[in-house]
Structures are given as C-alpha cells and as structure tokens.
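S.K.: Just dropping this structure here.
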C-alpha cells in the first residue's frame, strides 16, 4: 500500500510541470489575470510610443511626439497587445503561429481603426505611403512593415514581456498590483483627457 501511494505521488509530480507550460485564460484567476492584462496594455502602449519615435527620427532626423495622448504611450499598441494575448495564449509553444496570428489580426485592427478614424472623424493619424517596406500598402492604413512589426511585437510580448510580468506578479503580488494600478490609471486618465480637452 505504501509503495503504491508513493508511485502515484511521483507520477503526479512528474506531470505537474507540464501543466504550467501552457497558459490558459480560462484557468487564470481574475484577480491575477486582470492586473496582468492592464499592465500589458500599458507597457505595450509605451513600447509602441518608443518604436514610433525612433522610426520618425530615422526617417526625418528629428524627434516628434507621436500619438494623441499627452504621455509617452499610444493606445492602439495596448489594444493590439490585448488582442494578441487573447488569441495566442494557448499557442505559446508555437512561436510561428503566434507571429502569424499577431500579423493578421493586429494588421486588421490597424486597418479598421485607420479607416474608421479617417472616414468618420476626418483624422489621419498615420500614413504608410512612401515609407520603407511600404509594399502591400492599403490606402496608407497598413503595409508590409506595419504587419510584420505587429508579428514581431507579438513575439516580444508573449515570450518576453508577459513572462517577466508573470514572474514579477508571482514574487511581489502586492507591488505588482500597485504598479499596475498607478501606471494604468495614468494611461486611462491621459486617454480621457486627450479626448475631452481640445
């Protein structure tokens, strides 16, 4: 009897690590998932801002404030990051699939967003016409470079950013929540102010 119990325990212990390798949204408690998503949204917005600032400097030789918010973040990158997380969390063992999903769906997000903002609000926040790697350009809303960039960002998010956030959250849960609330609160307030103050 004793030997049998030890064998059963050993088998359970062997299978336990494999269960944690794959991330399932449905199995993550909301109190952990929501802060993780909010911080991902915020940091992705900052990364997007840095990326666009660098691209503008390379193209025009000067620093130019990108985005419609006051702070150093761009909302569409945050929404793109949430979309990537939701669609690829269960495919983290397949980087190539994460890349393709990020390319397609975030490219679609950028295309639809650009069209809606242009046609209904008469604002052109970005235009890829004439930029480097602009082949496949669709009315300036998306191009090969933008789609590929979304794919690369998807890989950075799922294999770099999110794992680091998960480690931080696991080791320092209270600090993680405080940092998340503070940063996301500032980002959300900035979005509201940028939409209401003219």
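The values are calculated or read from the model by the stated rules, or taken from the named source; none is laboratory data. All values reported here derive from a predicted model rather than from experimental measurement. Every residue, glycine as well, gets a Cβ built from its backbone with ideal geometry; the counts of neighbours run over all protein chains shown.
S.K.: Hey, among the residues in the stretch 78-100 that are touching a residue at least 60 places away in the same chain (Cβ under 8 Å) and closer than 30 Å to residue 190 by Cα, which one's nearest to the chain's Cα centre (by Cα)? I'd like the intermediate steps shown before the answer.
M.R.: Filtering the stretch 78-100 down to residues touching a residue at least 60 places away in the same chain (Cβ under 8 Å) leaves 78, 80-81, 84-86, 88-90, 92-93, 95, 98.
Narrowing the set further to residues that are closer than 30 Å to residue 190 by Cα leaves 78, 80-81, 84-86, 88-89.
Details: 78: 5, 80: 5, 81: 2, 84: 6, 85: 7, 86: 10, 88: 11, 89: 12 Å.
Here the residue is 81.
S.K.: Going through the stretch 69-97 one residue at a time, which ones are in a loop (DSSP other than H, G, I, E, B), farther than 17 Å from residue 36 by Cβ and touching a helix residue (DSSP H, G or I) at 6+ places or on another chain (Cβ under 7 Å)?
M.R.: First, the residues of the stretch 69-97 that are in a loop (DSSP other than H, G, I, E, B): 69-74, 92-94.
Those still in the list that are farther than 17 Å from residue 36 by Cβ too: 69-74, 93-94.
Residues satisfying the conditions are 69, 70, 71, 72, 73, 74.
S.K.: Something else about it: What is the residue count in the stretch 67-88 for residues that are surrounded by fewer than 20 Cβ atoms within 10 Å (Cβ to Cβ) and at positive phi?
M.R.: So the count comes out to 0.
S.K.: So is residue 178 surrounded by fewer than 19 Cβ atoms within 10 Å (Cβ to Cβ), at negative phi and either within 17 Å of the chain's Cα centre (by Cα) or not in a helix (DSSP H, G or I) (or both) or not? Outline the logic, then answer.
M.R.: Working: surrounded by fewer than 19 Cβ atoms within 10 Å (Cβ to Cβ): yes; at negative phi: yes; either within 17 Å of the chain's Cα centre (by Cα) or not in a helix (DSSP H, G or I) (or both): no.
No, not satisfied.
S.K.: Would you mind finding the one in 99, 49, 91, 41 that is surrounded by 10 or more Cβ atoms within 10 Å (Cβ to Cβ), modelled with pLDDT of 80 or more and farther than 18 Å from residue 163 by Cβ? Talk me through it step by step, then tell me what you get.
M.R.: On the way: 99 fails: farther than 18 Å from residue 163 by Cβ; 91 fails: farther than 18 Å from residue 163 by Cβ; 41 fails: farther than 18 Å from residue 163 by Cβ.
Step by step, each of 99, 49, 91, 41 is checked, and only 49 is surrounded by 10 or more Cβ atoms within 10 Å (Cβ to Cβ), modelled with pLDDT of 80 or more and farther than 18 Å from residue 163 by Cβ.
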